Amino acid sequence: MLTLLSPAKDLNMDPVTGVKGATKPELLADAEVLHGKLKGMSAKQLAKLMHINPKLAELNHDRYQEWAPPFTARNSKTAIH
């Protein structure tokens, strides 16, 4: 399987109203493997790997440090609603 990872420049983490339920991501096990590799990288390494500027690399580095299952309404957001 080929996975394409695009570093987001802006994330809207405001709560979504009207969501009646959530499901577990189908590729969570794959995401956890990928996360394990990315979390161990420095912002400089991420910038080189993703071809992004240092500021965006630092932002994504911070996101990888904070990413942690189990996902709740406080630390995640629905992808489709």
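No lab work stands behind these numbers, since they all come straight from the coordinates. Everything quoted here is computed from the prediction, not taken from an experiment. No Cβ is skipped: glycine too gets one built from the backbone with ideal geometry, and neighbour counts run over all protein chains shown.
The set of residues from segment 47-70 being free of Cβ contacts under 8 Å to residues at least 40 places away in the same chain, surrounded by 14 or more Cβ atoms within 10 Å (Cβ to Cβ) and assigned to a loop (DSSP other than H, G, I, E, B) comprises just one member, TRP67. ASP30 satisfies every condition listed in (1) of a type outside the set (Val, Ile, Thr); (2) outside any loop (DSSP other than H, G, I, E, B); (3) without any contact (Cβ under 8 Å) to a residue 12 or more places away in the chain; (4) closer than 24 Å to THR78 by Cβ except (3). Residue pairs whose Cβ atoms lie under 9 Å apart, separated by 6 or more positions or on different chains, with the first residue in segment 35-46 and under 22 Å from PRO70 (Cα atoms) and free of Cβ contacts under 8 Å to residues at least 60 places away in the same chain and the second outside any helix (DSSP H, G or I) and aromatic (Phe, Trp, Tyr), are HIS35/TRP67; LEU38/TRP67; LYS39/TRP67.
Scanning segment 35-46 for residues that are over 21 Å from ASN12 (Cα atoms) and surrounded by 14 or more Cβ atoms within 10 Å (Cβ to Cβ) yields a count of 5.
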